[in-house]
Amino acid sequence: MLPDYEKFFISPEWKSIRVNTLKIDKEDLLQKIDFEVKQIEWYEHGLWAKGEISKTLEYYMGYYHIQEAGSMIPPLFLPLEEDKKSVVIDACAAPGSKTTQMAMMMENKGVIIANDVNIKRIRALVHNVQKAGAMNVVITNQDARRFDLNSQADYVLLDAPCTASGKIAKIESIVKKWNYARIKAMARKQKKLVEGAYKVLKKDGIMVYSTCSIEPEENEEVIDFAVKNFNLEPEKFKIKGLKTRNGIKKWNGKEYEGADKCVRVWPQDNQTEGFFICRLRKY
Amino acid sequence: MQIKKILNRDEIKEIEKIIEKNYGCKLNLKNLFLTGDEKIWIAGENVSTEFFSSVRNCYRIGIYFGKLKRNYKIKLSMEGATIVGKKAKRNVAIVDDKEAREFAEGNCIHKFECIDCEKNNFVIVKRNDDTIGVGILREGYIENLIPKARRMR
Ligand SMILES: C[S@@+](CC[C@H](N)C(=O)[O-])C[C@H]1O[C@@H](n2cnc3c(N)ncnc32)[C@H](O)[C@@H]1O
């Protein structure tokens with residue numbers, strides 16, 4: 001452990017919110033709220049917010065969702081605003097920050113199958129979907145390694161369970177839980193999840209794989225596995241105004257295929273949690 | 001999710017009539033269905049409710065709109081009220097900021113301005129154009145119907 005890791009913690013003063021455009025326009029929301037906000041440079045519906053944000057009428061009404069800024073990135077890797085009527089599978093969806101974000105990108109058109117294996121977390125997902133007014137969402141409770149959906153999707157978001165080491169700058173307990181065996185076990189699970197997600201993706205469809213972990217084993221190594229075992233081709237993708245870096249090509253004596261097309265969002269670059277995102281097309 | 005009935009156009013019209021009678025507004029609802037407990041649900045226009053109801057471990061389709069009551073009324077959910085509240089012309093109670101908070105926190109409220117409200121009937125509580133929730137107008141106050149889990153905390 002770093003002896004001076006406290007120095008890396010991000011100030012908790014500024015939180016982030018996402019305007020729920022299913023219920024209100026950003027301009028109208030700005031008229032109503034009285035806490036301080038700043039625009040998130042790289043996402044028009046994202047705002048930095050300072051003050052009491054969880055005890056307002058606007059939050060109660062579902063006009064905005066409190067969402068870590070980094071968590072707003074993965075859905076933006078899918079072209080849902082241009083392809084609203086598509087079928088999307090959110091393979092690991094609870095508690096639904098990204099599900100509800102995608103529902104608003106699609107303006108409640110098309111369908112999102114929001115799945116999670118954990119029934120307790122599904123309850124939070126149900127609550128958030130209802131509060132957001134996300135009518136195009138169908139919630140399923142399956143193990144995404146063995147999907148049984150009778151359908152295939154144009155897009156799959158695989159926001160995989162992870163060791164969450166990208167949150168290390170905000171949540172101290174992550175530092176304490178960090179250990180290598182956990183990382184290896186998580187990586188094995190993530191590879192199985194990629195296989196499950198691959199099977200429910202249509203040919204020419206896009207899968208976005210993301211984690212809030214910074215470990216190469218949970219990220220580039222999973223993409224390397226996907227590229228070598230399935231008909232998946234990583235694609236470069238950029239979000240205007242967001243500072244990103246390429247994936248890590250070599251780690252612990254291993255070389256990872258596709259790493260140059262992966263995206264890493266480091267905590268210090270945009271004041272978000274650390275995130276890893278890769279967009280893969282099925283051929 | 002156990003669906004009892006996917007509503008056809010005529011049945012949806014019936015629901016719209018109940019809403020029109022209670023709130024004085026015409027809606028054009030689509031893709032409604034009922035579950036066994038007389039709950040009404042609404043899904044996006046491209047969601048095939050029939051198909052998804054047979055998917056293994058399907059937990060929810062769309063969102064909860066409201067509950068059909070025997071007396072030709074619907075107890076709207078918060079989200080149902082938000083849909084109806086935008087157009088409602090009667091059985092609406094207007095409140096100020098302070099009362100809106102009281103109501104959102106689950107309390108009964110005593111200070112409000114009624115637009116064509118009937119006593120002992122459902123009313124939609126609004127602050128300007130914002131829907132705060134649903135209650136029942138009683139003698140001098142509005143009884144709060146916001147479920148615990150949906151209240152402002
Ligand atoms: C990083 S969280 C997802 C966060 C969510 N996408 C959001 O934005 O709110 C990972 C989720 O994966 C779920 N999960 C873990 N193993 C799974 C599996 N085998 N199948 C489906 N979901 C799984 C967990 O229950 C957890 O809710």
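The values are calculated or read from the model by the stated rules, or taken from the named source; none is laboratory data. What you see is a predicted model, and the numbers here were worked out from it, not measured in a lab. FYI the Cβ positions are ideal-geometry reconstructions off the backbone, even for glycines, and counts take in every protein chain you see. The accessibility values were calculated without ligands, DNA or RNA, using every heavy atom of the protein model including side chains. Shrake-Rupley method; radii C 1.70, N 1.55, O 1.52, S 1.80 Å.
Where in chain A are the helices, taken as whole DSSP H runs, whose Cα atoms extend 24 angstrom or more along the long axis and whose Kyte-Doolittle mean reaches at least -0.5? Show your work: numbers first, answer last.
Working: long enough: A:180-199 (29 Å, -0.85).
Helix filter hits for chain A: none.
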Alpha-carbon centroid distance for the pair segment A:118-151 / segment B:20-99, whole angstrom: 19
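According to the square roots a ≥ b ≥ c of the eigenvalues of the Cα gyration tensor, what is the shape class of segment A:216-283, taking rounded for a/c under 1.5, prolate for a/b larger than b/c otherwise, and oblate for the remainder? Intermediate results must be reported in sequence, preceding the final value.
On the way: a/c = 2.51, a/b = 1.41, b/c = 1.77.
Cα axes put segment A:216-283 in the oblate bin.
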Unpartnered cysteines of chain B (Cβ-Cβ under 4.7 Å counts as a partner)? B:25, B:58, B:108
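Using a 1.4 Å probe on protein heavy atoms only, how many Å² of accessible area do B and A hide from each other, summed over both chains and rounded to 100?
3100
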Quick one: which residues, 5+ away or cross-chain, put their amide H under 5 Å from the amide H of residue B:59? H built at 1.01 Å from N. A:139, A:140, A:141
Between residue A:82 and residue A:41, take the C-beta separation as r, use R0 = 25 Å, and let me know the FRET efficiency to the nearest 0.05. 0.70
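Ranked by accessible surface with a 1.4 Å probe, highest first, in what order do B:110, A:65 come? All intermediate terms of the calculation are to be shown ahead of the outcome.
Working: B:110 130, A:65 30 Å².
So the residues, ranked largest to smallest area, are B:110, A:65.
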Rounded to the nearest 5, what % of DSSP beta bridges with both residues in the protein assembly as shown are antiparallel? 75
Area accessible to solvent at residue A:28, 1.4 Å probe radius, in Å²: 80
Mind grabbing the accessible area of residue B:97 for me, 1.4 Å probe, Å², rounded to tens? 80
Which percent, to the nearest 5, of DSSP beta bridges fully inside segment A:69-282 are antiparallel? 50
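Considering only protein heavy atoms and a probe of 1.4 Å, how much of the accessible area of segment B:91-150 is carbon and sulfur, as a whole percent?
Reported share for carbon and sulfur atoms: 47 percent.
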What lysines does residue B:89 reach when the alpha-carbon gap must be under 18 Å and sequence neighbours fewer than 8 apart in one chain are set aside? B:17, B:21, B:26, B:73, B:75, B:119, B:126
List the GluC sites (Glu not before Pro) within segment B:87-139 that DSSP assigns to loop and that have no more than 15 neighbouring Cβ atoms inside 10 Å. B:105, B:118, B:139
Which of the lysines could a cross-linker span from residue A:202 if the Cα-Cα distance has to be under 23 Å and same-chain partners fewer than 8 positions apart are dropped? A:84, A:85, A:98, A:109, A:189, A:191, A:192, A:228, A:236, A:261, A:282
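In chain A, once you exclude exposed trypsin sites (Lys or Arg not before Pro) (DSSP loop, at most 16 other Cβ within 10 angstrom), what's the longest stretch remaining?
Values: sites that count: A:55, A:84, A:85, A:236, A:238, A:240, A:243, A:249.
Free of exposed loop sites, the longest segment is A:86-235.
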Do me a favour and compute the ellipsoid semi-axes for chain A from its Cα gyration tensor, root of five times each eigenvalue, largest one first, whole Å. 28, 24, 17
